[in-house]
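> Dropping the structure in here first, questions after.
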Amino acid sequence: MDKSQLIKVGSTVYLKPIYNAARYGRKDILEKIVLKKGRKYFYVGNTGETETRRMFKFSLEDMREVAEYSSDWELYLSKQEIIDEEEKEKLIFEMRSVFNRWSTADLTLDQLRRIHAIISE
């Protein structure tokens with residue numbers, strides 16, 4: 001099912017800061033409501049907002065924020081999606097630090113064989 005079909009007026013979405021918003025200190029995940037939906041775009045904001053300039057505008061085609069310069073927010077349909085993505089990034093970072101070119105992994109042959117079996121799946 002396409003994500004854009006799940007977007008309905010009144011449904012809750014979650015915004016994760018990216019690029020400049022994340023770079024300049026925003027770390028909190030925002031919980032917003034879909035306020036308006038058209039054929040190409042939809043708007044999210046706080047309940048009761050009526051001014052379009054105070055809402056976040058997203059494209060239905062690719063679910064990306066429509067902004068004048070670069071987008072500051074990434075849209076998710078559940079908070080768990082954000083948590084899972086952050087955990088995945090953290091695990092990949094930790095594994096890369098163990099297996100980078102300049103380190104010697106302190107792993108036994110058995111551990112390396114098990115890792116290889118998992119990677120080969």
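> Can you name the residue in the range 38-68 that is touching a residue at least 24 places away in the same chain (Cβ under 8 Å) and over 14 Å from residue 12 (Cβ atoms) and, of all such residues, is nearest to the chain's Cα centre (by Cα)?
63
> State which residue is surrounded by the most Cβ atoms within 10 Å (Cβ to Cβ) when the search covers only the range 37-53 and only residues that are touching a Ser or Thr at 6+ places or on another chain (Cβ under 8 Å) and in a strand (DSSP E or B).
The residue in question is 43.
> Of the conditions (1) surrounded by fewer than 14 Cβ atoms within 10 Å (Cβ to Cβ); (2) of a type outside the set (Phe, Trp, Tyr); (3) closer than 13 Å to residue 74 by Cβ, residue 12 fails just one. Which one is it?
The number of the failed condition is (3).
> While we're here: Within the range 26-36, how many residues turn out to be hydrophobic (A, V, I, L, M, F, W, C) and assigned to a loop (DSSP other than H, G, I, E, B)?
Qualifying residue count, the range 26-36: 1.
> Here is a follow-up. Using the structure shown, decide if residue 40 is within 17 Å of residue 78 (Cβ to Cβ), of a type in the set (Lys, Arg) and at pLDDT 90 or above.
No; evaluated as a whole, the condition is false for this residue.
> Which residues, taken from the range 1-25, are under 14 Å from the mean Cα position of the chain (by Cα), over 18 Å from residue 59 (Cβ atoms) and not in a helix (DSSP H, G or I)?
The answer is 17, and nothing else.
The values are calculated or read from the model by the stated rules, or taken from the named source; none is laboratory data. Just so we're clear, the structure is a prediction, and the values are computed from it rather than from any experiment. Reconstructed Cβ throughout: ideal geometry from the backbone, glycine too, with neighbour counts over all protein chains shown.
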